[in-house]
Every structure is written in C-alpha cells, then in structure tokens.
Amino acid sequence: MAEQARYEELIRQFSAFGAVKREIGRMMPSECPAGSAAVLTLLGRYGDMRMSKLSELLAVDMSVTSRHVAHVAERGWIERSPDPADKRSRILRLTPAGQSLLDQLSRRTCHLLAERLSDWSDDEVAQLTALMARLRASFDDTRAHDPRTHDTRSHHTRADDTRAHGPDPRPPAPPVLEQTTRTPAITQ
C-alpha cells in the first residue's frame, strides 16, 4: 500500500483533472451537453440497447437517463422503437445524424488530445489509459462489494476487456462528462 503522502498528491491531481474535463467540455457543441455525449458514446460503443442498460452504463438513475435520452431523441440523434421482447420497453438506436455527430465529437476529442499530448510517447499514452481503466475498475469493484449501494449492475468493464484481449483498437470515444446523483464515475 502506498504512503499517505502519495494518496494526498493523488487527491490534488484529481482536483486538478477538473480543468482537463472543463476544457474538453468547452469544445463540445452547445446543443450537445455532456449527458447527451455520454448517451451517444455508449450507443456508439455498445450498439442498440434498452434504456435500463443505458442507465446502468451511465451509472445514473433512470430519471436522469430519461432526460438525456429525451434530449438526444428530440434532436434526431437517436430513435426509440418498441422492444420486440417486451412491448413496454424501448430499444435505443443511433440514427445516421447521431452517428455523424458522434464521429465529429470523436475527431474533435482526438485532435485536442493529440495536440495537448504531442510531447508524450505512445507508450506513455497507453500507460495512462491502462492506469485510468484500472482506477475505474477499482472503484467499480468497491461498489460491487458495498452493501450500501444496492448495485445490481454487471461489473464487466472495459478494463476487463483490456486485460483479457489487449487494448481496444478503436479510436478513443468522445469524453463522457457526467453529472450524477449517484457515486461519480468517469465513463470511458
């Protein structure tokens, strides 16, 4: 276990990371706030899904997910269709306009990261990515074992994928900057 001073420095770095998230957020189009970008990112990464699955992946309450979904649906970026297995549920799917916006967000984010990390080696970027995924997985593992969370989500993460199959060959997804009423999480 690391010394307390190392954890204190880590806390300072977490606080400073807010500036990175704010800069990424500023480059997002005004009509696509962080919650909307999160919905598009997850549908782009995992494909069509029910709202309950999306809520699980966002790690937010269903009411928050509903607001985000309504926002992107009103703009034509996703469509909601009846679930053939359960007519009370809806399947969410990216539209061509939503995929186009997601591609644009991904290009913007990749450009910004390439610009800001231009003096980093590929190995350093890969190491940061792996460590961030491991950090996220550690917090997911904690929630899985905390009886106060009553969390019944699947705890399979992209970090699990990375350990099992190596790094994801896809370009990085746009950032997911979320405001939640539950334990904060950074969604990759």
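I78's amide H: which non-local residues (gap 5+, or another chain) put their own amide H closer than 5 Å, with H modeled 1.01 Å from N in plane and none for Pro or chain starts?
A73, T95
Stretch Y7-A19 to full length: gain in nm at 0.36 nm per residue minus the Cα-Cα span?
Additional length available on full extension: 2.4 nm.
Which translational diffusion coefficient, to the nearest whole µm²/s, is obtained for segment 1-111 from the Stokes-Einstein equation, given a Kirkwood hydrodynamic radius over C-alpha pairs, 37 °C and 0.692 mPa s?
So the translational diffusion coefficient is about 210 µm²/s.
Tell me, what ³J(HN,Hα) does each residue in segment 3-17 have, in order and in whole Hz, if you take phi through Karplus 6.51 cos²θ - 1.76 cosθ + 1.60 with θ = phi - 60° and put x for Gly and Pro?
Those phi angles translate into 6, 4, 4, 5, 5, 5, 5, 4, 4, 4, 5, 4, 4, 5, 5 Hz.
Report, by chain and number, residues whose modeled amide H sits under 5 Å from the one on D83, excluding near sequence neighbours (fewer than 5 apart, same chain).
Result for D83 returns S89, R90, I91.
Hey, rough spin-label estimate for L113 and M62, points 7 angstrom out along Cα→Cβ, what's it come to in nanometres?
3.3
Using 0.36 nm times the number of residues separating Y46 and R80, minus their current alpha carbon distance, what extension gain do you get?
Taking Y46 through R80 to full extension adds about 10.7 nm, to one decimal.
Can you work out ³J(HN,Hα) from phi for every residue in segment 77-89, in order, using Karplus 6.51 cos²θ - 1.76 cosθ + 1.60 and θ = phi - 60°, giving whole Hz and x for Gly and Pro?
In residue order, the calculated couplings are 8, 9, 10, 10, 10, x, 7, x, 7, 7, 4, 6, 9 Hz.
Report, to two decimal places, the Cα Rg of segment 5-45 normalised by 2.2 N^0.38 Å (N = number of residues).
The value comes to 1.56.
Say R0 is 22 Å: what FRET efficiency, to the nearest 0.05, do A126 and R26 get from their beta-carbon distance? Each step should come with its number before you reach the end.
Numbers: r = 26 Å, r/R0 = 1.20.
Efficiency at R0 = 22 Å is approximately 0.25.
Values quoted throughout were computed directly from the atomic coordinates according to the rules given, and no laboratory measurement underlies them. Since the structure is predicted, the reported quantities are computational estimates derived from the model, not experimental observations. So basically every Cβ, Gly included, is an ideal-geometry build from the backbone, and we count neighbours across all protein chains shown.
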